[in-house]
Amino acid sequence: VKAIQLRRVGAVQLEELDMPEPRAEEILVRVTAAGMCGSDRHLVSGEYPGRPPVVLGHEFEGVVVGGALNAEVVLGARVTVDPNVSCGVCSSCRSGLVAHCQHLSAYGVDRDGGFAEHVRVLRRQAHVLPAEVPAQFGALCEPLSCCLRGMDRADIQPGQSVVVVGGGIMGQLLAQLARLAGARIVVLSTRQRARRELAESLGATASVDPTEVDPATAVTGRGGISPGGVDVVFDAAGAPGSFEQAIALARPAGTVVVVGAAPQELEARIRPFHIFERELRIVGSHLNPFTHQRAAQLVASPDLRLQPLITETVDLAELARALQRGPRAGEIKLIAAP
Ligand SMILES: [Zn+2]
Ligand SMILES: [Zn+2]
């Protein structure tokens, strides 16, 4: 089978590999759509640790073509795969903290993933998609499930104000989810104009360019969009600057949710007094514990507008090239159709 394999840091290419053979409790999936993620580029560059040689791709859907079937996961079933495999028996798992499993592994990171014509996965990682889900949306379930975790952590109340810092796939999804949760004001902050326009066309009530205006003034200042601060701020950019911006935007007793993965060694400048005095709540949101099933249901809903987030569909050869260059302007999500 054709597959995009990370052979070692910096070396990624399209290979011809043996057909995977499903083992106990595994199914064989013919991949129909697999999304590329910023973290795939980080795996290639070594900024994010993987376990090469490994087939990349952690956001994918496909059709069941063999392996350990059951009444629900049958031949021909269309499934989305939750790539994050927890062990179920360590103390974290037994406390319900599966994203913090001590034996956590993931398809496309340390198990062969979905940038391939076929992949073998544990049956319990597969979620059957509702029949009405449009083509390729199953590949968006993983980023969506991570955003649902972020939403759970944010606990947005109807009528509240929300700022999303970052306009990539996570930021775009969070802006839509915040609106669906009843937020009255949803502002997207990103320097890329195309991403601001996209967010506004999909339901954000406003957007700001942090390189043109000081977001704290434009949003929370007198005469701003949400004077006095916003109820919930998502850092969906994963950078020291975006985190600092998020802290500056939150109202007293507001919530900052960190959903973007910043490079591990970078530090941000924040004043403890600011957090103390404003009683800020700063929470992290890691992976997708128990949210993949909800994502698989939600992608069937026309309330979420996903098609505009798919920038382009390419073959595996083109995707391998895209992995080695940076994202193009306006690029949100590339999908490979193997
Ligand atoms: Zn991803
Ligand atoms: Zn565990």
Some residue of the range 107-117 being closer than 27 Å to S301 by Cα, in contact with a Gly (Cβ under 8 Å, 6 or more places away or on another chain), within 16 Å of ligand 1 (Cβ to nearest atom) and acidic (D, E): no
What residue, of R193, R184, R94, R120, is free of Cβ contacts under 8 Å to residues at least 60 places away in the same chain and either touching a strand residue (DSSP E or B) at 6+ places or on another chain (Cβ under 8 Å) or within 17 Å of V256 (Cα to Cα) (or both)? R184
Looking for something more than 15 Å from ligand 1 (Cβ to nearest atom) and surrounded by 14 or more Cβ atoms within 10 Å (Cβ to Cβ) - is there at least one such residue anywhere in the range 32-45? yes
So which of A320, A248, A300 ends up being under 21 Å from I156 (Cβ atoms), at pLDDT 95 or above and not acidic (D, E)? A248
Could you tell me which numbered condition S39 fails, if it satisfies all but one of (1) in contact (Cβ under 8 Å) with a residue 60 or more places away in the chain; (2) in contact with a strand residue (DSSP E or B) (Cβ under 6 Å, 6 or more places away or on another chain)? (2)
Considering only the range 279-288, state which residues are surrounded by fewer than 16 Cβ atoms within 10 Å (Cβ to Cβ) and touching a residue at least 40 places away in the same chain (Cβ under 8 Å). V283, G284
Of all residues making up the range 301-338, the number that are touching a helix residue (DSSP H, G or I) at 6+ places or on another chain (Cβ under 7 Å) and surrounded by fewer than 16 Cβ atoms within 10 Å (Cβ to Cβ): 6
Looking at the range 123-142 only, could you name the residues that are within 16 Å of ligand 2 (Cβ to nearest atom) and either assigned to a loop (DSSP other than H, G, I, E, B) or in contact with a strand residue (DSSP E or B) (Cβ under 7 Å, 6 or more places away or on another chain) (or both)? Q125
Quick one: in the range 168-198, of everything that is of a type outside the set (S, T, N, Q) and within 16 Å of ligand 1 (Cβ to nearest atom), which residue is surrounded by the fewest Cβ atoms within 10 Å (Cβ to Cβ)? G168
Within the bounds of the range 103-116, is there any residue that is without any contact (Cβ under 8 Å) to a residue 40 or more places away in the chain, touching a helix residue (DSSP H, G or I) at 6+ places or on another chain (Cβ under 8 Å), over 20 Å from S285 (Cβ atoms) and within 16 Å of ligand 2 (Cβ to nearest atom)? no
Cross-chain or 6+ apart pairs with Cβ under 8 Å, the range 139-166 first and polar (S, T, N, Q), then within 13 Å of ligand 1 (Cβ to nearest atom) and modelled with pLDDT of 95 or more: S145/D82; S145/N288; S145/H292; S145/A295
Which is more than 16 Å from ligand 2 (Cβ to nearest atom) and under 24 Å from R124 (Cβ atoms), of E16, E21? E21
Expected single match for more than 16 Å from ligand 2 (Cβ to nearest atom), of a type outside the set (S, T, N, Q) and in contact with a helix residue (DSSP H, G or I) (Cβ under 8 Å, 6 or more places away or on another chain) among R41, R30, R51 is R41
Going through the range 52-106 one residue at a time, which ones are within 16 Å of ligand 1 (Cβ to nearest atom) and either exposed (fewer than 14 other Cβ atoms within 10 Å of the Cβ) or farther than 30 Å from A317 by Cβ (or both)? A99, L104
With A262, A237 as the choices, which residue is in a loop (DSSP other than H, G, I, E, B), modelled with pLDDT under 95 and closer than 26 Å to C37 by Cβ? A262
Which members of the range 220-239 meet the condition of being under 15 Å from R191 (Cα atoms) and either free of Cβ contacts under 8 Å to residues at least 60 places away in the same chain or hydroxyl-bearing (S, T, Y) (or both)? A239
Could you tell me which numbered condition L173 fails, if it satisfies all but one of (1) in a helix (DSSP H, G or I); (2) on the phi > 0 side of the Ramachandran plot? (2)
Those residues that are touching a strand residue (DSSP E or B) at 6+ places or on another chain (Cβ under 7 Å) and assigned to a helix (DSSP H, G or I), I need them from the range 240-259; list them, please. S242, F243, Q245, A246, I247, L249
Please enumerate the residues belonging to the range 289-299 that are in a loop (DSSP other than H, G, I, E, B) and surrounded by fewer than 15 Cβ atoms within 10 Å (Cβ to Cβ). F290
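The values are calculated or read from the model by the stated rules, or taken from the named source; none is laboratory data. What you are looking at is a predicted structure, and each value in this text was computed from that prediction instead of being measured. Here the Cβ is made from the backbone with ideal geometry for all residues, glycine too, and neighbour counts use every protein chain on show.
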